[in-house]
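Enquirer: Have a look at the structure that comes next, please.
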Amino acid sequence: MKHLLKMSDLSPAELHHILDVAEELKAEQKAGTTPALLKGRSVALVFSKNSTRTRTSFEVGVYQLGGLGNYMNAATELQSGRGEPLKDTARVLGRYYDCVVWRTYRQCDLEEFAELAGVPVINGLTDYAHPCQVLADLMTIRERRGTLEGQKLCFIGDGCSMANSLIVGGLLAGMRVTCVCPEGYRPAADVLMFAHKYGEKFHLLTDPAEGVKDADVVVTAAWNTAPGTPESERRLRDFAGFQVTSRLMEGAKPDAMLLHCLPAHRGEEISTAVFEEHADEIFDEAENRLHVQKAVLAILLAGL
């Protein structure tokens with residue numbers, strides 16, 4: 001593993017290795033024995049989008065591992081915000097830092113950056129993929145279920161970054177994956193091509209009630225990201241019936257987990273009642289961002 005740009009960069013063995021290392025690092029942190037695996041290492045945290053969990057969990061994680069993490073707002077603090085070419089920023093940061101975490105918009109920009117930087121690059125979220133979040137989701141499921149193999153995961157929402165990464169990550173982990181989204185909001189074409197190789201282990205549906213049948217894990221994410229705009233009004237219409245409610249969850253297994261990558265828009269993609277009923281799972285999931293990201297950093301920079 002040279003970078004973590006998308007879930008399909010990983011083999012099943014690499015995915016499980018990340019989770020194993022994350023589990024070990026989590027136990028060490030709880031015991032107060034976190035090793036200084038990044039001592040003398042520096043990590044650039046470059047963000048073109050707002051962030052709560054990704055930014056803070058990477059900052060804390062680098063610190064806990066003994067390294068230096070520098071946050072940079074790409075729009076207001078770097079010359080890239082004033083028109084410096086991406087290739088120049090990549091080649092400069094790669095000479096200063098041992099690793100770059102970048103949250104940006106276009107996956108192709110991230111891929112170009114990784115080619116030029118000369119150091120490991122980690123995807124902190126693009127419009128195409130959110131691998132760090134999905135690794136945290138898989139870690140949380142494995143912690144609570146004991147295994148990922150054979151578990152049925154149902155994602156309900158927009159077929160964007162979370163759906164793309166959950167489909168690939170879930171299938172690589174040996175899960176059965178169902179993605180439920182409205183027409184016009186399908187996952188990326190290359191992700192669907194990847195998923196269809198798994199035959200009956202993957203289903204793409206438009207009916208949430210059909211999708212959650214016998215699900216072990218239900219996952220959703222915000223789909224109304226621009227409130228008060230014409231786009232928001234259109235999405236409110238298009239996603240009518242896609243809210244995860246108590247009634248919908250009745251179709252899943254009685255002990256089904258519910259995960260949400262946050263931030264949550266209660267009353268839109270999820271009801272307040274369902275969110276609070278599964279809050280422990282959701283905030284375990286949020287905490288596990290810290291541990292899986294430390295694992296990725298330790299593997300890339302310390303050779304674990």
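Enquirer: Compute, for the stretch 1-90, the length of the dipole vector about the Cα centre, with Cβ point charges of +1 (Lys, Arg) and -1 (Asp, Glu) only. Units Debye, rounded to 20. Don't skip to the end; give the middle numbers.
Expert: Working: 11 positive and 10 negative charges, 45 e Å.
So the magnitude is around 220 debye.
Enquirer: Compute the relative contact order of the stretch 53-157 as a whole-number percentage, counting only Cα pairs closer than 8 Å that sit 6 or more residues apart in sequence. All intermediate terms of the calculation are to be shown ahead of the outcome.
Expert: Values: 94 pairs, mean separation 17.3, N = 105.
Normalised by residue count, the contact order of the stretch 53-157 is 16 percent.
Enquirer: Report the relative contact order of the chain, percent, no decimals, based on alpha-carbon pairs under 8 angstrom and at least 6 residues apart.
Expert: Numbers: 571 pairs, mean separation 61.2, N = 304.
So the answer I get is 20 percent.
Enquirer: Sticking with this one: DSSP beta bridges in the chain, what fraction antiparallel, as a percent rounded to 5? Kindly include the intermediate steps, with their values, before the conclusion.
Expert: On the way: 0 of 34 bridges.
Of the beta bridges lying entirely in the chain, close to 0 percent run antiparallel.
Enquirer: For the pair ARG95 and GLU276, how long in nm is the line joining their label points, each one 7 Å along Cα→Cβ?
Expert: Result: 5.6 nm between the two label points.
Enquirer: Could you report the accessible area of GLU143 in Å², rounded to 10, computed with a 1.4 Å probe on the protein chains as they sit in the structure?
Expert: Approximately 80 Å² of GLU143 is accessible to the 1.4 Å probe.
Enquirer: Here's a follow-up. In this model, which of LYS152/LYS197; LYS2/LYS26; LYS6/LYS26; LYS30/LYS294; LYS213/LYS294; LYS49/LYS197 are farther than 25 Å apart at the alpha-carbon? Please report the intermediate quantities before stating the final value.
Expert: Working: LYS152/LYS197 17 Å; LYS2/LYS26 23 Å; LYS6/LYS26 23 Å; LYS30/LYS294 14 Å; LYS213/LYS294 35 Å; LYS49/LYS197 34 Å.
Check vs 25 Å cut-off fails for LYS213/LYS294; LYS49/LYS197.
Enquirer: Which whole-Hz couplings ³J(HN,Hα) result when phi for each residue of the stretch 46-58 is put into the Karplus expression 6.51 cos²θ - 1.76 cosθ + 1.60, θ = phi - 60°, listed in order with x for Gly and Pro?
Expert: Running phi through 6.51 cos²θ - 1.76 cosθ + 1.60 with θ = phi - 60° gives 9, 10, 9, 10, 4, 7, 10, 6, 5, 4, 5, 5, 5 Hz.
Enquirer: Please report the carbon-and-sulfur percent of the accessible area for the stretch 1-146; probe 1.4 Å, protein heavy atoms only, DNA, RNA and ligands left out.
Expert: Numbers: 3230 of 6750 Å².
Carbon plus sulfur share of accessible area: 48 percent.
Enquirer: While we're looking at this one, here's another question. Hey, any idea what % of the stretch 208-304's accessible area is carbon plus sulfur with a 1.4 Å probe?
Expert: Working: 2050 of 4080 Å².
It is 50 percent, rounded to a whole number.
Enquirer: Oh, and also: Under a 5 Å amide H to amide H cut-off, with H placed in plane at 1.01 Å, what residues pair with LEU205 once short-range neighbours are removed?
Expert: CYS179, VAL180, CYS181
Enquirer: Leaving out ligands and nucleic acids, and using a 1.4 Å probe, what accessible area per residue does the chain come to in Å²? Spell out each step's value before the answer.
Expert: Details: 13050 Å² over 304 residues.
Normalised by residue count, the accessible surface of the chain is 43 Å².
The values are calculated or read from the model by the stated rules, or taken from the named source; none is laboratory data. Please read these numbers as outputs of a predicted model, since none were measured by experiment. Virtual Cβ from ideal backbone geometry, glycine too; neighbours counted across all protein chains shown. These area figures cover heavy atoms from the full protein model, side chains too; ligands, DNA and RNA do not enter into them. Shrake-Rupley method; radii C 1.70, N 1.55, O 1.52, S 1.80 Å.
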